[in-house]
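The values are calculated or read from the model by the stated rules, or taken from the named source; none is laboratory data. As the structure is a computational prediction, the values presented were derived from the model and not from experiment. Here the Cβ positions follow ideal geometry from the backbone for every residue, glycine too, while neighbour counts run over all protein chains shown.
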Amino acid sequence: MYSAVLILHSWIRWIALILGVMATFAAFTDRSDGQSKTDRWGLFFMTALDTQMLLGLLLYLVLSPFTTAALHDFGAAMRNPALRFWAVEHLSLMFFAVVIAHVGRVLARTARTPQSKRTRQIVCFSLATIAMIAGTPWPGTPNGRPWFRV
């Protein structure tokens, strides 16, 4: 079960990252006054992030040996950089990305003008995408993981 969820989580990250870039790009280039392509990209981005979060929480709370060890002795985990990354840093940045993407969609829907809607989407989708990039365990980093799991 752990391997299957980890593979799904690893592959869906690429979908989420691509959708984050696409939603941000769509917000930058959108000049419409009503329903726009940015709304669709934002919805897809948010859906991918929600799926990632559900898989990540399943890994974090139930399946991962890293976080199980960290949660049993959190003080020791804070002294171990690898455990701290998984127990705090990765989780915090990714949770921030999910929250800010949701906030961006809500703020865009409540915007009074198309320009303020666009600005809110640009800011929130950009921040969410940057947080995802910062919190991803890229190959070559101390907690790096493969580009693609199989």
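Some points to look at:
- In region 69-88, the residues that are among the aromatic types (Phe, Trp, Tyr) reach residues that are not in a loop (DSSP other than H, G, I, E, B) with C-beta atoms within less than 6 angstrom, at least six apart or across chains, in these pairs: 86/66; 86/67.
- Filtered residues of region 119-150 (kept if assigned to a loop (DSSP other than H, G, I, E, B) and among the charged types (D, E, K, R)): 145, 149
- The set of residues in region 103-118 being free of Cβ contacts under 8 Å to residues at least 12 places away in the same chain, more than 21 Å from residue 47 (Cα to Cα) and part of a helix (DSSP H, G or I) consists of 115, 116.
Yes/no matrix, rows are residues, columns are (1) within 17 Å of the chain's Cα centre (by Cα); (2) under 16 Å from residue 105 (Cβ atoms); (3) at pLDDT 95 or above:
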| site | (1), (2), (3) |
| --- | --- |
| 20 | yes, yes, yes |
| 23 | yes, yes, no |
| 37 | no, yes, no |
| 40 | no, yes, no |
| 54 | yes, no, yes |
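- From the options 32, 64, residue that is polar (S, T, N, Q) and surrounded by fewer than 17 Cβ atoms within 10 Å (Cβ to Cβ): 32
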